[in-house]
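The values are calculated or read from the model by the stated rules, or taken from the named source; none is laboratory data. Just so we're clear, the structure is a prediction, and the values are computed from it rather than from any experiment. Using ideal geometry, Cβ is built from the backbone for each residue, glycine included, and neighbour counts are taken over all protein chains shown.
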2 protein chains.
Amino acid sequence: MSTGREPTGVAEAVAACSIARALEVIGDPWTILVLRDAFRGIRRFDELRRDLGIAKPVLADRLKRLVDAGVLRREQYNEHPPRYEYRLTPKGRDLSPALVALMRWGDAYLSADGPPVVLVHEPCGHELEQSFVCHTCDQEFTPTDIASRPGPGSQRRSPPPHPGGNRVRSRRRHA
Amino acid sequence: MSTGREPTGVAEAVAACSIARALEVIGDPWTILVLRDAFRGIRRFDELRRDLGIAKPVLADRLKRLVDAGVLRREQYNEHPPRYEYRLTPKGRDLSPALVALMRWGDAYLSADGPPVVLVHEPCGHELEQSFVCHTCDQEFTPTDIASRPGPGSQRRSPPPHPGGNRVRSRRRHA
């Protein structure tokens, strides 16, 4: 497992990990709450401020970061005086699997009083599940059936990260 | 949207949100990298230290926090001298949907050179998908078909968070 490297700080390690990169964008607590409100349809500065009980400069900072990251876009809804609202971009909307997964884990393990919110399949009202799916095999499967192979962005310094089953499986066909 | 509350800081807002609670446990960059390695089967202090290039006190701190949070458990593998390894608990293994979702979003939007790692369905080697599934309707669906209702832990102060589609849909049957 040794790579012979000296300790160089978190930056290099983060650079090789998409999970860490994603959390650099959304990992801050206020950021996640602003995003949550965006998914709830709360889009305007004053509404966000009131809903979250957040200080104005902090909210302005988090909105600017999310716009700079391409997760929200700013759109004018009033000309005189100029007023803007913040809407999810496609990149922002594509965060929903990650936010739902984090929410369900928090519900399962960190909510002593039960989940604050239950997500359901709208047409039928039953609670949703989140699954790993293989469309080739037309099959749902569990994390123990996940394997990994280096992708085009791999630096091939060490075995690939593998947030699925709890052991590394090699696929010689790919690796 | 106003709840009439004065700004009170992040703690209260976090307390009502399972996503924010989850990120309080795993949101720190070093923590996520330690977890990633745990999923790769890297379990021993010195192996983790070498793989991540992390300072000893920082690694010791993150491991202690993850053990305290019930995400890892410490297990002795050598008596003289005493040596321990750190293994994922079921609570830790249940993080895999969230980590996979974060990884796939980072791959899609934050990896200019392409994904460092590709996750596949082991039996067939094809890339995995992650889906919302309703087992009642036996159907996969997209985030726009997600609705929400207050759960048992709801404080019912404001509309429920909704990290699915980008607008709030009410279900009178439930809410």
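What the table shows:
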{"quantity": "Lone unmet requirement of (1) farther than 21 Å from B:CYS17 by Cβ; (2) touching a residue at least 40 places away in the same chain (Cβ under 8 Å) for A:GLY92", "calculated": "(1)"}
{"quantity": "A:ALA112 being of a type in the set (A, V, I, L, M, F, W, C), over 23 Å from B:CYS137 (Cα atoms) and at pLDDT below 90", "calculated": "yes"}
{"quantity": "Boolean, A:ARG50 is assigned to a helix (DSSP H, G or I), free of Cβ contacts under 8 Å to residues at least 40 places away in the same chain and among the basic types (Lys, Arg)", "calculated": "yes"}
{"quantity": "Subset of region B:42-56 (residues that are of a type in the set (A, V, I, L, M) and either surrounded by fewer than 17 Cβ atoms within 10 Å (Cβ to Cβ) or within 8 Å of chain A (Cβ to nearest Cβ) (or both))", "calculated": "B:ILE42, B:LEU52, B:ILE54, B:ALA55"}
{"quantity": "Residues within region A:126-154 that are more than 7 Å from every other protein chain (Cβ to nearest Cβ) and assigned to a loop (DSSP other than H, G, I, E, B), tallied", "calculated": "2"}
{"quantity": "Which listed residue is modelled with pLDDT of 95 or more and charged (D, E, K, R), from B:ASP68, B:ASP46", "calculated": "B:ASP68"}
{"quantity": "Residue list for region B:62-89, filter: assigned to a helix (DSSP H, G or I) and under 16 Å from B:ASP37 (Cα atoms)", "calculated": "B:ARG62, B:LEU63, B:LYS64, B:ARG65, B:LEU66, B:VAL67"}
{"quantity": "Residues within region B:55-93 that are under 24 Å from A:SER111 (Cα atoms) and among the hydrophobic types (A, V, I, L, M, F, W, C), tallied", "calculated": "7"}
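For every residue, the table says whether it meets (1) surrounded by 13 or more Cβ atoms within 10 Å (Cβ to Cβ); (2) under 23 Å from A:THR144 (Cβ atoms).
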{"residue": "B:TYR84", "(1), (2)": "yes, no"}
{"residue": "B:PRO90", "(1), (2)": "no, yes"}
{"residue": "B:PRO97", "(1), (2)": "yes, yes"}
{"residue": "B:ALA108", "(1), (2)": "yes, no"}
{"residue": "B:ALA112", "(1), (2)": "no, no"}
